[in-house]
Amino acid sequence: AQSVTQLDSHVSVSEGTPVLLRCNYSSSYSPSLFWYVQHPNKGLQLLLKYTSAATLVKGINGFEAEFKKSETSFHLTKPSAHMSDAAEYFCVVTPGNAGNNRKLIWGLGTSLAVNP
Amino acid sequence: DAMVIQNPRYQVTQFGKPVTLSCSQTLNHNVMYWYQQKSSQAPKLLFHYYDKDFNNEADTPDNFQSRRPNTSFCFLDIRSPGLGDAAMYLCATSGQGSNQPQHFGDGTRLSIL
């Protein structure tokens, strides 16, 4: 069975310092992985995706994530936090198996606070 | 810009009074999804359409129905809203591959009086 674990429910950083949001996954297949961001009262915006190409994936707004199969991890990082990065972040896995299974597997989310 | 548009952004209805939420897309994607998201939770898939094929999640209440009259539009009908149905409702679309990312609208926040 597939699952996603976001290791921190809340992360707080100071503006200008690095951001690390941790995600581990479990999958019997070769999954695709995504990070989404959600600002208050807004929909979800795709930050980046891994779909079995390069293991270091660059996304929007300076975010990147590295797929590490040996560690079953897909942690999200940013070198320098900005106040506008304060939001909820979701790590998401596709089932990865053949067929028409489209139900994404969602982490519980990490709330990122950025302090001035 | 190609996008997913949800109307209205905020909807208030009375307990038991039917309500319809709408979603349109300019991405020409085959697949459209409806999610329910409650406060501080991840989105929960209600159902999705692959073209005209409707796929209902096993735990979606019968109170929730959907229509997709054409590629661009999809509707969520809540026949008799209860207080527990107050939530953010998100529409998303994706291309036909099962590993394609989903593109979300800004959601409709539904309140029940």
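The values are calculated or read from the model by the stated rules, or taken from the named source; none is laboratory data. Keep in mind that what you see is a predicted model, and the values were worked out from it rather than measured. Cβ atoms come from the backbone with ideal geometry, glycine included; neighbour counts cover every protein chain shown.
Below are the figures for this structure:
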quantity	calculated
Residues of segment A:5-48 that turn out to be under 23 Å from residue B:109 (Cβ atoms) and β-branched (Val, Ile, Thr), as a count	1
Output for segment A:23-77, where each listed residue is exposed (fewer than 14 other Cβ atoms within 10 Å of the Cβ), closer than 20 Å to residue A:106 by Cβ and touching a residue at least 40 places away in the same chain (Cβ under 8 Å)	A:26, A:28, A:29, A:30, A:40
Condition check for residue A:94: touching a residue at least 12 places away in the same chain (Cβ under 8 Å) and farther than 29 Å from residue B:89 by Cβ	no
All positions within segment A:14-39 that are part of a loop (DSSP other than H, G, I, E, B), at pLDDT 90 or above and within 12 Å of chain B (Cβ to nearest Cβ)	A:39
Unmet criterion (only one of (1) in contact with a Gly (Cβ under 6 Å, 6 or more places away or on another chain); (2) farther than 13 Å from residue A:20 by Cα; (3) more than 14 Å from chain B (Cβ to nearest Cβ)) for residue A:78	(2)
Hits in segment B:49-78 - residues which are small (Gly, Ala, Ser) and modelled with pLDDT of 95 or more	B:66, B:72
Enumeration of residues in segment A:47-74 that are of a type in the set (A, V, I, L, M, F, W, C) and in contact with a helix residue (DSSP H, G or I) (Cβ under 8 Å, 6 or more places away or on another chain)	A:47, A:48
Filter result (away from chain B (no Cβ under 11 Å) and not in a strand (DSSP E or B)) within segment A:40-58	A:53, A:54, A:55
Selection count where residues are over 17 Å from residue B:19 (Cα atoms), away from chain A (no Cβ under 14 Å) and buried (at least 16 other Cβ atoms within 10 Å of the Cβ), scope segment B:67-97	2
Of the criteria (1) free of Cβ contacts under 8 Å to residues at least 24 places away in the same chain; (2) within 14 Å of chain A (Cβ to nearest Cβ), which one residue B:62 fails	(2)
Leading residue by the ranking (nearest to residue A:45 (Cα to Cα)) among those in segment B:104-113 that are crowded, with 21+ Cβ neighbours inside 10 Å and at the interface with another protein chain (Cβ under 7 Å from one of its Cβ atoms)	B:104
All positions within segment B:13-46 that are among the hydroxyl-bearing types (Ser, Thr, Tyr), within 12 Å of chain A (Cβ to nearest Cβ) and within 15 Å of the chain's Cα centre (by Cα)	B:33, B:35
Single residue of segment B:1-40 satisfying the filter (aromatic (Phe, Trp, Tyr) and out of contact with any Gly (no Cβ under 8 Å at 6 or more places or on another chain)) that is farthest from residue B:93 (Cα to Cα)	B:10
